[in-house]
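The values are calculated or read from the model by the stated rules, or taken from the named source; none is laboratory data. Quick caveat, the model's predicted, so the values are computed rather than measured. Here the Cβ positions follow ideal geometry from the backbone for every residue, glycine too, while neighbour counts run over all protein chains shown.
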Amino acid sequence: MSLIEQAAKRLEQLRQAGVELPEEQTALSPPAKAKAAANVPDPYSVDIPKTQHAEPAAPTAKPAPNKASLPPSKRVELNLESISASGLLVPQASRSQLADEYRVIKRPLIANAMGKGSTPIENGNLIMVTSALPGEGKSFTAINLAISIAMELDNTVMLVDADVSRPSVLNMLGLPPAPGLLDVVSKNSVDISGVLLRTNIEKLSILPSGNQHPRATELLASDAMVRLLDDMSSRYNDRIIIFDSPPLLLTTESRALATHMGQIIIVVNAESTAQAAVKQAIAAIEACPVKMMLLNQARQASTDGYGYGYGYGYGHEN
C-alpha cells in the first residue's frame with residue numbers, strides 16, 4: 001500500500017471515529033495530506049484529543065503617560081509710558097534722578113543676594129520691602145527696586161505681591177487682578193509657572209498675591225510656604241526676589257514672612273512716621289540678619305530749593 005493510500009485510510013478512520021477535521025486539512029493536496037496524516041495520532045492507540053480553544057490575547061499594556069509639561073507663564077504688556085507718568089521707574093529713564101537713587105540703594109542688596117558681600121547671607125536673594133505703617137511708599141519702593149534690578153545685565157527679578165490683605169502691585173502697574181501666591185500655597189504646591197506673569201521688561205516677572213483666602217496669615221506661615229520660598233530662592237542662581245509685604249505694625253503676615261528673608265527694607269516716610277513706630281517695626285524683624293532703612297520723601301538741598309527723594313541706612317547683624 002502506498003504512502004498516499006495509508007494517509008487516506010487514516011483520515012477515513014479519524015472521520016469514522018468522530019474527529020472533526022479542519023476545513024483547511026480537507027483541502028490539502030495529496031502530498032500535504034500525507035504529511036498531515038503522518039502527524040495525526042492513531043485514534044485506536046491514544047485518546048481522541050478534545051477541541052482546544054485559543055487562549056485570549058493578553059491585554060496590551062498602555063504606555064506610561066508622559067509627564068505634562070509645565071504650563072508656560074503668561075505674558076503681560078506693561079504700559080511703560082503710563083507707568084512713567086505715575087512716577088515709577090522705567091528702563092528708558094536710565095539716567096533720571098530716580099534711577100540714580102535706586103542704583104545706590106540696590107548695590108549692597110545685589111552684593112548680598114549674589115554672595116559677594118562681606119559675610120555670606122542665607123536666603124540673601126529674598127528681599128522683603130515693608131514699612132511700619134500704611135502709606136509710607138513700600139509698594140512704590142518695591143516696584144522701583146525690582147525694575148532697577150531688572151536693568152542689571154546679570155540678574156533676573158521676580159516681584160511678589162505678598163501684601164495679601166491689600167494687594168496693590170498689579171493695580172499700580174495697570175494690570176487686572178490675577179491668581180497668584182495664595183492660590184499656589186493653598187494647593188501645597190511649588191509650581192508657580194501657571195500664575196507667574198512675564199512682562200515686556202525682559203528680566204522682570206510678577207507673582208500676584210492671588211485670590212483672597214480667609215487663612216492668609218496661616219498660609220504664609222505654613223510649611224507649604226517655606227517649601228515654596230526654598231524652591232523660589234534656589235531654582236535660578238541669578239534670580240533676586242522682591243516681596244512687597246504688609247506693614248509690620250498693621251498685620252502679622254509680614255512678621256511670618258520676615259523669618260525666611262535674607263534682607264529687609266523698611267520704608268520710612270520722613271515727614272510723618274513717628275520714631276517710636278520705626279523702633280517697634282525694627283523689633284518685629286529682629287531675627288533678619290540684614291535690615292535697611294529707606295527714608296522716603298526726604299528733603300534734599302539743591303540749587304533750586306527743596307526736592308524729594310530717598311535716603312537710606314544699612315545695617316548688618318552677624
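Structure summary
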read-out	value
Residue in the stretch 256-278 that is of a type in the set (D, E, K, R), more than 25 Å from Leu228 (Cα to Cα) and at pLDDT 90 or above present	no
Any chance Pro246 is touching a helix residue (DSSP H, G or I) at 6+ places or on another chain (Cβ under 8 Å) and over 19 Å from Thr156 (Cα atoms)	yes
For Ser139: the one exception among (1) in a loop (DSSP other than H, G, I, E, B); (2) within 26 Å of Ser193 (Cα to Cα); (3) not hydrophobic (A, V, I, L, M, F, W, C)	(1)
Neighbours by Cβ (under 7 Å, 6+ apart or cross-chain): first from the stretch 85-96, surrounded by fewer than 13 Cβ atoms within 10 Å (Cβ to Cβ); second assigned to a loop (DSSP other than H, G, I, E, B) and not acidic (Asp, Glu)	Ser94/Met151
Where Gln97 falls short, out of the listed (1) farther than 22 Å from Ala281 by Cα; (2) at pLDDT 95 or above	(2)
Residue match in the stretch 142-163 (condition: more than 24 Å from Arg235 (Cβ to Cβ) and either assigned to a helix (DSSP H, G or I) or more than 23 Å from the chain's Cα centre (by Cα) (or both))	yes
Selection status of His213, in the same structural domain as Cys288 (by TED's automatic domain parsing) and crowded, with 18+ Cβ neighbours inside 10 Å	no
Count of the stretch 108-120 residues which are of a type in the set (Val, Ile, Thr) and closer than 15 Å to Asp238 by Cα	1
Sole exception among (1) touching a residue at least 24 places away in the same chain (Cβ under 8 Å); (2) outside any helix (DSSP H, G or I); (3) over 23 Å from Ala111 (Cα atoms) for His260, by number	(3)
Total residues in the stretch 184-232, condition small (Gly, Ala, Ser) and part of a helix (DSSP H, G or I)	3
Filter pass, Ile127 being touching a strand residue (DSSP E or B) at 6+ places or on another chain (Cβ under 8 Å) and part of a helix (DSSP H, G or I)	no
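One line per residue, one yes/no per condition, for (1) surrounded by fewer than 18 Cβ atoms within 10 Å (Cβ to Cβ); (2) in contact with a Phe, Trp or Tyr (Cβ under 7 Å, 6 or more places away or on another chain):
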position: Lys74; (1), (2): yes, no
position: Gly115; (1), (2): yes, no
position: Asn125; (1), (2): no, no
position: Leu145; (1), (2): no, yes
position: Ala150; (1), (2): no, no
position: Thr156; (1), (2): yes, yes
position: Ser165; (1), (2): yes, no
